[in-house]
Every structure is written in structure tokens, then in C-alpha cells.
1. Give me the Kirkwood hydrodynamic radius of the stretch 246-291 in Å, from all C-alpha pairs, to one decimal place?
2. 222 nm [θ] for the chain, helices only, -39500 (n - 2.57) per DSSP H run of 4+, per residue, to 500?
3. Provide the descending list of Cα extents for the stretch 52-135 along its principal axes, expressed in whole angstroms.
4. Computed over the Cα atoms, what is the radius of gyration of the stretch 149-280 divided by 2.2 N^0.38 Å, N being its residue count?
5. Can you tell which of GLY259, GLY57, GLY165 shows the greatest fluctuation in a Gaussian network model of the chain with Cα springs below 10 Å?
6. Quick one: net charge around PRO263, please, counting Lys, Arg +1 and Asp, Glu -1 for every other residue with C-beta under 11 Å from its C-beta.
7. Cut-off 10 angstrom, C-alpha nodes, Gaussian network model of the chain. Which of THR154, THR179, THR274 fluctuates the most?
8. For ARG229 and THR179, compute 0.36 nm times the residue count separating them, minus their Cα-Cα distance, and round to one decimal in nm.
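Taken together, the values in this text are just the output of simple stated rules run on the coordinates, not laboratory data. Please read these numbers as outputs of a predicted model, since none were measured by experiment. Cβ coordinates were reconstructed from backbone atoms using ideal geometry, including for glycine residues, and neighbour counts include every protein chain displayed.
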Amino acid sequence: MSSSQLPLERLSTGSTAFDQLLGGGLPVRSLSVIAGEPGAGKTLFALQVLFHLGREGKKGLYLTTLSEPALKLIQYMQQFSFFDERLMGKELIFADLGSVVRGRDADAVLKAIVSRVEQEEPAIVVIDSFKAIRDILGDPASVRTFVYDLAVHTAGWGAASLFVGEYTDEEIETHAEFTIADGIIRFRIRREELTAVRVVEILKLRGANQVSGRHFFEIGPDGLTFFPRVRGPEAGSIPPISYTDRVSTGIAGLDDMLGGGVPRTSSTVIQGATGTGKTLIGLQFLLEGARR
């Protein structure tokens, strides 16, 4: 990215580790789909973000469709340390779209969403479950039109939008919401013998230098805790090896054979059969360093 370009304004998720994976946080005015199987942590992640932003004075709007009722969600959230009752009804607004969605009228659903967003003027909007809207509307052509019309509105809201849903890998590849989304974040539970490992992957995030690959996370009393995967050093972060700056091995004759010793900051493999002196070379090298 050119230094003359302005960086995207971002919203923190409340997790320093996950913000780093996103390249700094969720871009403002972006639309991201949070996908994953049941129980993977999608809803909890969205709520954790909302409460964090609420404590910063940024308003959040949580629109439920045909997933868990708001009262049940609130009762469940009270078990986590990030829950703050003072934010309810002020910085954090819950609204149910279930009755409108059941009408199977895409225009009515779109109107209800847009009307509520314009009324509340939030910094972040969550629709959970967006997949339920797709399933109820049914007709592929109507769903695609609805998704694109909604995307046009989200672009003008000035808020970050999170569409939460239980999507399969095949649906991620084919559904329209993933085509228009700026970001795709997938949560998974990977079974390994008698244990289950929770994995998150950022498949897409426009305008961000996100960290690709699979990262681990756990769910505990504080919500989701992320553990980024181990990465190689960034280009330019390690100084180049100087082949003129040598370090003595402390072994007479070997330094001459090596042109003065081994290059400083280099890694050297000592290879040989049992009893050929590999360990002695290593010990002599350490002793020479200690003497110096």
C-alpha cells in the first residue's frame, strides 16, 4: 500500500490478538460474514465485540431473526465477564425480526432492517442468523436480489456489519452474501480423537493485511481467547548474514578451514556418525565463547 493512501478506520474487537489477525480490527463500513457450525462461537464472538464497543461509547444493534430469542441470549451472556447490564438498551440495542421474516416478503424484511438501522444509527450492526433469512425466503432469485439490495444499504450506513450464519463449505463458495462481503471469518470445531479444537480462519478481508491460515481459540469465562498461529519472521525483520564478520570456533585449524570461523548470526549444522566429535566441537565452541 502506498504511503500516500489513508489507512482504513477500524473498530477493535476487544481482543488484541484477534485485532492483529485482522490487520488492525474490523474496517468501518465493512460487511463481514461470520460463518461456522452450531456451537462454534459465532454468536458469542459477535456479542463480545458489541459489548467491547459499547464500553467505548459506540452503539451496537443486534437483530435476531429465527435463531435464539433476545431474552435467552441476555440470560446466557450474563455468565461471561464482558457482560455489562448498564449498556443494555443504551449502547446495545436488541431487536427481533422474526415476525417479519416469517412473512417471506423480501422487501418487507429489507425495509424493517433499514428502518431500524436508520433509527438507531449504530456503529456496528449484527444480523443473527442471516442464514435463517435466506432459508425462509427460499427462492434463489429473490434471495440474491435481497442480498445485493441490502449490501447497497450497508455501504451507506457508516457502520460495520456482521452477518452471522451456519454455513457449510459449499455454501461459502456459492451463496451471494459471500460474493459481496468485504470479510469472511469462519469458526470451526475440529475433532481430534477424544478432544475438540476450536479454530478460526479469516478467509477474506478487503483492504486489510490480515493473517491467513488457521488460528486457535478457546471459550472461557471471559469469552473467546485467541491464540494466533506461529509465523515466520516478517521480511526485513532479520538482519542479513554478514559473511565477512566471523566468529571463532576455538578449534585450531578449523577456523582456517572456515575462512576465519562461522559467520555471525548464522546457523550451522554439524553432521557425522556416532563418535566422530560432533559434541566435542559444540562444547569447544561454547567454551571459546565463554572465554571471550
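1. Result for the stretch 246-291 stands at 11.1 Å.
2. So the calculated ellipticity at 222 nm is -10000 deg cm²/dmol.
3. Per principal axis, max minus min of the Cα coordinates gives 38, 25, 16 Å.
4. That works out to 1.83 for the stretch 149-280.
5. Of GLY259, GLY57, GLY165, the most mobile in the Gaussian network model is GLY259.
6. Combined, the nearby Lys, Arg, Asp and Glu give +1.
7. In the Gaussian network model the winner is THR274.
8. Working it through step by step, the gained length comes to 15.3 nm.
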